[in-house]
Amino acid sequence: MDYFRRKSNGSGRTLAATDPDVEALPRGGFRCRLCQVSAANRPSLVEHLRGKKHRRLRSLRAERRAQEQRSLFVSGFARGTSDTELAEYFGAFGEVAAVVMDKEKGAYAIVELRDAAGRERALAEPQHGLAGHRLRVRPREEKVFAYGPPGRGPRREPLGPGRLEQALCQASDVDAQMLQLVGLLELSEDERRVRHLLVTLFQEVFTEFFPGCAIMPFGSSVNGFDTRGCDLDLLLDLEPTKSLQASTQDAPGAGSGSGAEDSILSDIDLAAMPAPEVLELVATVLRRCVPGVRRVRAVPTARRPVVKFCHKQSGLAGDISIDNRLALLNTRFLQLCTEADERVRPLVYAVRLWAKQQGNPSGGGPLLNNYALTLLVLFFLQTPHGPTVPDRAVVAGWDCSFPRDVASLEPSTNTESSLLSEFFHVFGDFDFPGQVISLREGQALPLPPPTAPETSDGLKLGPLNLQDPFELNHNVAANVNEKTASRFGRCCRDAAKYCRSLQYRHKSSKGRAWGLTRLFQPGAVEPGPGGRGPWFWEVCTAIAFILRDVLKCSCAAGKPPRAPSKESKLPVDSAPSEELPTESDVEEPSAAEPLSVGSKRHLPEATNGTTLPAEKRPRTNSPEEAATWSCAVWHRVWTGRRRVRRQLQHGDGPEGPDGDSLELEQKVSEAIVQQEGTEQPLQPLLRFEASARAAGTRREMRVLLRLVPSPVPPSPLFRDFFHFLQSFLPATVRRRLGQEPAGCPEPQDEGGGEVFSTS
């Protein structure tokens, strides 16, 4: 007993309780938060704490904190001010150790003094001025010290399909899986902190140009349904600035010290300026004055005009709107829903990920957008009796009244924890084209007469009608076509059938996919009798799109694959693809339907009437799981792509791409084609035959793509093109299907042909 007491003294759990850098892990392990290193036991932890790396980082952290306590954040000086001028000015308060200027925009500087007393003297000064400009001086913000590569903060490990399945399979039941799913997909505290800092930076910069303005985040970042990588949606409220300008113009003698007079844009009348010009003015301020912001462009033709941007250091993409106050109420409404019932968030996260994995064959994205799916869940959970006295609010002529306090809502009488199966059951048999889903009325409303294309509120009708709860003339699912609406219903019916199975409700004792893990696997739960056929044809469509539209290759229908010979050890899919798969025929291929998941094959009989033994059963492949193309390459679209991509990404004009990676790759190919000449050559550079077939298991489905050059043997040019496709094609196919790139597969070789796979 004394031995273990001596061993734990100064190490192990004692350190975990006293040292803030040490975190105790399950099963006796430890983790150093400072160095991001795990230790399996106590001796390993003690050895790490005594090591050079840990001591060096502790010393570096102490030095950084001391620098922050001696430093000032200075802004408001004239453009072109040198660090020497700032050092001379602040030298009056104490010896200046260093001055760090903003290298990109020159909008701010960090002034470090030798001691903290000099900083306190500078902060005690009521007003600072340099060269006729009033300086804004405040303490430097203290940041959390994080060890990592320069310019990058701590980021969570990417959530790939394998890690998601591994994490969910460890849960005890489906309810635990849904709660764990929320923790895996929502923003981390570090990511929330980065977004908060970015909003604070925008507020500081825009206040300089528009006194009294306010930057308010809305949407996915703050509405309770945040996910990693979601855009940062912001509203720039300029109404206080307009009121301030109007009051200054009405009383000219009283505005000498007002904020409007001090503004750089004091000579601009925002109230009289058209909205597109205000939007372009906001884009100019972003482009020239906010550090780290790039790829800025105004989009005045959008339904809600915005300014798109991307932040270099954090990698965040976002929008700034100047007239979208309805979005603020929408965000508060969704927050209210998450506070009213703890089952809302897990159900929304599960439905969104399910819709993403099912995919939309016509567009490569989810079946419905996230907002439409969220409203469907809220409509499903909605109670018929609401509060009697909601808070009144009218915005842009729309009645936006709803209760702002959760206490005024009636508690739900449904106490079931998981409602995912019931959600699929309800919308699997729902009459989408014949009704309008209204959250404001709490019920599905009948359609108006056929002679009226729109409702009395101006709602555009279609195959799926989901009315926005505030802006009643907005059909959230207006872009959904009849084919997608039909597919959504079939996917819901198939998912409801799976949710009634034992494989969904009970944890597998053999380590197989169960519960949500199989529901989220692409193609594992497909509508119709086909098990993986629809998924295979979606991949083939994506391959054809990349070759034809992105890489500007010519693709034509290929010849049927040859039947395998008797001596062949590797069976080859024998059914042809009569024409190139297109987006219109992916969902229901005309070939024979494959066997469904869980069905049994009949054993073929031998010539004497007996059945073949199990180890000698011939492999039967469904005819629809093979596709071939005859392709021709006309331009060297694989040469110099990185350089052209970088040039397009750095473009500041409207021609710069906005963040769609596939659109960017298309522009890169178009730029390379223009460099080589707009006229098509008389003969292609390369010709090859491409054939795709399904492979793998039900748990890990894959598609093998085989390239055979013409003529054989392949030329060095074909080798270069093939090596380019090895890394380019799998990643872009995953993006087309709406999946996160999870690394490139290893190349394979089959009898001299060039083969690589994508899962």
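Residues 80, 94, 118: which one is part of a loop (DSSP other than H, G, I, E, B) and more than 24 Å from residue 202 (Cα to Cα)? Steps first, answer last, please.
On the way: 80 fails: more than 24 Å from residue 202 (Cα to Cα); 118 fails: part of a loop (DSSP other than H, G, I, E, B).
So the residue among 80, 94, 118 that is part of a loop (DSSP other than H, G, I, E, B) and more than 24 Å from residue 202 (Cα to Cα) is 94.
Does region 735-755 include one or more residues that are under 32 Å from the mean Cα position of the chain (by Cα), modelled with pLDDT of 85 or more and within 23 Å of residue 639 (Cβ to Cβ)?
Going through region 735-755, the residues under 32 Å from the mean Cα position of the chain (by Cα) turn out to be 735-748, 755.
The next check asks that each one be modelled with pLDDT of 85 or more; those that pass are none.
No, that holds for no residue.
Within the bounds of region 39-51, is there any residue that is closer than 18 Å to residue 144 by Cβ, in contact with a Leu (Cβ under 6 Å, 6 or more places away or on another chain), of a type in the set (A, V, I, L, M) and not in a helix (DSSP H, G or I)? Don't jump to the end; show me each part of the working.
Start the filter on region 39-51 by keeping residues that are closer than 18 Å to residue 144 by Cβ, which leaves none.
No; the residues of region 39-51 include none that is closer than 18 Å to residue 144 by Cβ, in contact with a Leu (Cβ under 6 Å, 6 or more places away or on another chain), of a type in the set (A, V, I, L, M) and not in a helix (DSSP H, G or I).
Of everything in region 33-44 that's without any contact (Cβ under 8 Å) to a residue 40 or more places away in the chain and under 37 Å from the mean Cα position of the chain (by Cα), which residue is farthest from residue 20 (Cα to Cα)?
First, pick out the residues of region 33-44 that are without any contact (Cβ under 8 Å) to a residue 40 or more places away in the chain: 33, 37-44.
Then drop every residue that is not under 37 Å from the mean Cα position of the chain (by Cα), which leaves 33, 37-40.
Details: 33: 8, 37: 14, 38: 15, 39: 16, 40: 18 Å.
Within region 33-44, the match that is farthest from residue 20 (Cα to Cα) is 40.
Helices (runs of 4 or more DSSP H) wholly in region 173-255 with at least 2 residues that are within 31 Å of the chain's Cα centre (by Cα) and hydroxyl-bearing (Ser, Thr, Tyr) - which ones?
Values: elements: 174-185, 189-209, 239-250.
Where helices (runs of 4 or more DSSP H) fall fully within region 173-255 and carry at least 2 residues being within 31 Å of the chain's Cα centre (by Cα) and hydroxyl-bearing (Ser, Thr, Tyr), they are 189-209.
Please go through region 264-291 and pick out each residue that is touching a residue at least 40 places away in the same chain (Cβ under 8 Å) and farther than 28 Å from residue 132 by Cβ.
275, 278, 279
The values are calculated or read from the model by the stated rules, or taken from the named source; none is laboratory data. Since the model is a prediction, treat every value here as computed from it, not as a measurement. No Cβ is skipped: glycine too gets one built from the backbone with ideal geometry, and neighbour counts run over all protein chains shown.
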